[in-house]
Structure formats: C-alpha cells, structure tokens
Amino acid sequence: MLNRIVANIQDIGHRVIDSVWRLGNASRFFILVLLKSGTCLRRFSLVIRELYYTGVLSLIIIIVSGLFVGMVLGLQGYETLQKYGSESAVGTLVALSLVRELGPVVSALLFASRAGSAITAEIGLMKATEQLSAMGMMAVDPIARVVAPRFWAGVISMPLLAAMFSVMGVFGGYLVTVVFIGVDAGSFWSQMQGAVDFRFDIINGFIKSCFFGVAITAIAVYEGYDAPPTAEGVSGATTRTVVTSSLVILGLDFILTAFMFRGIS
Amino acid sequence: MQSETLIEIRDLNFAYGARSILNGINMTMSRGKVIAIMGGSGSGKTTLLKLIGGTVRPSSGYVNVAGQVIHQLDRDALFKIRRKMGMLFQFGALFTDLSVFDNVAFQMREHTDLPESMIRDLVLMKLHAVGLRGASHLMPVELSGGMARRVALARSIALDPMLIMYDEPFTGLDPISLSVIGSLIRRLTDALGTTSIIVTHDVQESLKIVDYVYFIADGVIAAQGTPQEVSESVAPFVHQFVHGEEDGPVPFHYPAQAYRADLNLENNLA
C-alpha cells in the first residue's frame, strides 16, 4: 500500500520534471531558431517558398470559414438586435466581434490545425527518413535551412490570414443582413465606421494574431524537430501541436485581451 | 605530399549512457581504398560512421580524418571538413520536396557561388555517372529503391569528396540494383580517388568490391583482412558470418536464464 502511494508520488514528480525539462528544451530551441534565422532572412526566397505552403494554401479554409462565421454573426446579431429596434447596429457587432476576437482566434485555431500540423508532420518525417541527418552531414544546418524558414513563414502569414478572415467575415455579415434581410446599407457601414477604432480594435487584433503566429509556429517546428523518428512518434507530435497550440491560443487570448481592453468602456 | 592514411582510429570507445557500444577500436584506412565494416545488427557499425562524421563524440580515444581529430573540432571546422565527406544513408534520405536535379544540386547551391549554368552541367555529369541523367526531372517519390540509392550516390559525390561513407547501401535492393550499386561504388572510388567506407552485412556483394574488411562484434574488432583472407578464414566468428550459419560464436538465443528454470520444470519435479 505504502509502496503504491510512493510510486504514485514519484510518477507525479517524474511528470512534472519531464514537463519542465521539455519547456526548457523548447525555449532553448526557440532561441536557437531566432539566432539561426540570418540565413533565411538573407536568402528570402526560402521563406517565400514556405509562405506559399503555410499561407497561400491555408487561404481557402480561412476565406470560407470567415465568410460563414460572419454570416452566422450577422444572422444571430440581427435576431437579437431587432428585438430592441437597433438592427442597424448589426454592422458594429459583426465588425467588433471579428476584429477584436473571432478574427485572430478562430483563424489561429484553423491555422494551427491546417498549417501547424503540416509543419510538424513534414519536419518529423524529414527527421524519421534521415533527411535532417543527411543535411547535417552535408554541412548544412537543418535549423537554419529547414526550421527557420518555416517559422518565419508562419509568423508572417498568421496576421495576414487573420486580416483576411475578418474581411471575409464582415463581407459575410453584410451579405446576410443587408443583401438578404434588407438592413439599410448606409447605417450598416456608417455605424461600423463610427464604432471600430483603428488603434484599439484593429491594431490590437493585429498584435494578437502576431502573438498567435509566433506561438503556433514555434510549437509546430519544435514538436516536429523533437518527434521520435517513428510513425507513432510523428503522429503523436502532430496531435500535440494541434492540442497545445489551441490551448496556448485561448490562454494567450485571455491574457492579451485583459491587457489590451482594460479601461475601455 | 599527402599522407597515404586518410583515417586513423585509435583506442576508440563509445557508450550510450551506461550501455557500451564500441570498445577499443583501432583502424587505419588508406586513401583510394574501399573498406567494409561488417557485423551483425546492433554491433555498432553505424555508430562508427557517426563518430567519423562527428555527429556523436567518443567516450575516449579519437578519430583522425586527414590530420584532424574530429571530436576536437569546433562547429565551423567540423562543417568545413564535412564538406569533404559524402554520406549515403540507408534508404537514400533524399529531400522529398526537391526534384532529383535539385537534390544533387543542393550542396553546390549551399556551399558554392557557381553560376546556375555550371551547376546544371555538373549535376548532369554526376547523374550521368550513376546512369540517371534522364531522371533529373523526377521527384524522389517517383523513384524505385535502387534508383533512389543511385541518386543519393550522385548527391554524395556532388562536391567530389575525399571520403564517402555508405550506411547499408545494399539493404532492400533486388539483385540487379544490388550489383549496380556495388560496381558504382567501386568505379566511383577509383575514378574520383576517394576513400569509401561501406557499413554492411551483405557479405557476398561487398567481398567482390572491397579492398579490406573489418568485422565488428560486441563492440570490438573480431577479425580483419583482405577479402581473400576473410573468405578463407577458419576463425569461428568469420566463418559463421561469411557463411551465414545460424549458431556459433554469435549465439542464436538471446541471453536468458536456464530454459528448464524458465518453464518452472525444476520446481514441479522437486
């Protein structure tokens, strides 16, 4: 009995130590990626190539999701606001929800599952098939040549994708409320213009998505590089990328929101 | 005047944690020779290649390549000497996102400032040497195992290295591809004047092409000699290995307690 209790406590201890160790290792890796970014920033074509895979190929899912989220927001917002006779404020509701929260957060969640998982799987498989070792033996640093370009491509694409998501969302809201339901277009746009502040709403949303971009791609490249070189190892790493990034996005969102929007009435 | 010896390994020990892999290895490899390192799976052959390439550090002893002690080099010096080494990985390890052409051109683009037209000519020459000039536009996924290995061979000779290491180059190949790879290794070694180290357990194919053989078992050199000496050897280990016998100095059974005790026969009879 006593032995079992001791074993359980030891198990908890091991898990904690393991997690702290992994966190330390990930931080060290992150710093290493930043230090070795010189090559890919000088040879920017490496980043552009990855921008296509992480950014351009994520466009479809971002555009379609943004459109539908905006349409649903418009529909739900209209249903509630018209009870109080203020359906013309629906534009404000759609725009503020998207620019402040849904744009950065939902696009980051989609980006983590679409591009983050792909980055982890690709780097993990390159490791499993000895491509990274081969590169090292050719005197080319895999962190500088493989990891850093993917990291920067993710960091650059995330805010652009979030902006695209918000734009499509606003368009979706317009489509449903103005075109289909018949809310006055003039009041839809003018109320939106009046309520959305460039500094507080758009810039803050942009900063959020930059943070998410760094977090997602840092997690994705680390998980890929750290994956055990087996089929289970790579699949486990891919799952961890999506789960960890999603949790980090939501946690970071709360923290950033608390700092950014405090004191705004 | 370059010295005849390219690689000198002295009293080399290596351990993963408490598990000892190599114990007191001594080898001398001359320029322009093809040397085979043979041994059963898990005998530490691949680790030896990693020690020569400097991807792992020895516990004690040293590997000297072209007058430089590998584990004492800093990162830049290590990368500099690696540019003169080629390595063929077990399954080729081609970059799957690059075409055959770009795979072979990879090192030239990374390490030289050659104009693209010259890179094109060099790549086609390397691919021609392995008979795959016509496949330059293909992606690695479109190649058979033997072709992938040949492309990897072309990639490893891209910068005319002084040393090429082959990690199990014959694994999983059909008989034709197998002898193609074998003769390519020999021909390229002779044509380029490089030194080749082949880690393998394919005895018959490698004895045809190599100049010298080391057998490794349990982390030590169990036997060594020219292919002829090896074929005629009566030493029990070499005999078992060369003739593929099931039991001998390398036991069939993994170490275990006595069979009768494991089946609890002793208790029941008592």
* Asked: Scanning for something within 14 Å of chain A (Cβ to nearest Cβ), under 23 Å from residue B:213 (Cα atoms) and either under 12 Å from the mean Cα position of the chain (by Cα) or basic (Lys, Arg) (or both), does segment B:68-79 turn up at least one residue?
  -> no
* Asked: Taking interchain pairs and intrachain pairs at least six residues apart, which have beta carbon atoms under 7 angstrom, with the first residue in segment A:127-140 and more than 7 Å from every other protein chain (Cβ to nearest Cβ) and touching a residue at least 24 places away in the same chain (Cβ under 8 Å) and the second surrounded by fewer than 20 Cβ atoms within 10 Å (Cβ to Cβ) and polar (S, T, N, Q)?
  -> A:128/A:230
* Structure fact -> In segment B:8-47, residues that are in a helix (DSSP H, G or I), basic (Lys, Arg) and surrounded by fewer than 23 Cβ atoms within 10 Å (Cβ to Cβ) total 0
* Could you tell me which numbered condition residue A:98 fails, if it satisfies all but one of (1) crowded, with 22+ Cβ neighbours inside 10 Å; (2) within 14 Å of chain B (Cβ to nearest Cβ)? => (2)
* **In segment B:246-257, residue modelled with the lowest pLDDT [restricted to those that are loosely packed, with under 10 Cβ neighbours inside 10 Å and under 29 Å from residue B:235 (Cβ atoms)]** => B:251
* Among the candidates A:188, A:151, A:165, A:180, residue that is among the aromatic types (Phe, Trp, Tyr), in a helix (DSSP H, G or I), away from chain B (no Cβ under 14 Å) and surrounded by fewer than 20 Cβ atoms within 10 Å (Cβ to Cβ) -> A:180
* Structure fact -> Residues in segment A:149-199 that are more than 15 Å from residue A:97 (Cβ to Cβ), of a type in the set (S, T, N, Q) and more than 23 Å from the chain's Cα centre (by Cα) total 3
* Asked: Which is modelled with pLDDT of 85 or more, among the β-branched types (Val, Ile, Thr), surrounded by 19 or more Cβ atoms within 10 Å (Cβ to Cβ) and part of a helix (DSSP H, G or I), of B:151, B:213, B:199?
  -> B:151
* To do: Could you give me the residue pairs with C-beta distances under 9 Å whose first residue belongs to segment B:19-32 and is under 15 Å from residue B:67 (Cα atoms), whose second residue is among the aromatic types (Phe, Trp, Tyr) and buried (at least 16 other Cβ atoms within 10 Å of the Cβ) wherever it lies, and which are 6+ apart or on separate chains?
  => B:27/B:214; B:29/B:212; B:30/B:212
* Asked: Is one or more of the residues making up segment A:21-38 exposed (fewer than 14 other Cβ atoms within 10 Å of the Cβ) and at pLDDT below 90?
  -> yes
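To keep it simple, each residue is scored yes or no on (1) over 27 Å from residue B:199 (Cβ atoms); (2) touching a helix residue (DSSP H, G or I) at 6+ places or on another chain (Cβ under 9 Å); (3) within 11 Å of chain A (Cβ to nearest Cβ); (4) without any contact (Cβ under 8 Å) to a residue 40 or more places away in the chain.
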| site | (1), (2), (3), (4) |
| --- | --- |
| B:81 | no, yes, yes, yes |
| B:85 | no, yes, yes, no |
| B:91 | no, yes, yes, no |
| B:94 | no, yes, yes, no |
| B:104 | no, yes, no, no |
| B:113 | yes, no, no, yes |
| B:131 | no, yes, no, no |
| B:136 | yes, yes, no, yes |
| B:140 | no, yes, yes, no |
* Asked: Among the residues of segment A:52-63, is any among the small types (Gly, Ala, Ser), in a helix (DSSP H, G or I) and over 25 Å from residue A:158 (Cβ atoms)?
  -> no
* **Matching residues in segment B:251-263 - criterion: being out of contact with any Asp or Glu (no Cβ under 9 Å at 6 or more places or on another chain) and not acidic (Asp, Glu)** => B:251, B:254, B:255, B:257, B:259, B:261, B:263
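The values are calculated or read from the model by the stated rules, or taken from the named source; none is laboratory data. Fair warning: this is a prediction, and the values are worked out from it, not measured in the lab. Ideal geometry is used to build each Cβ from the backbone, glycine not excepted, and the neighbour counts take in all protein chains shown.
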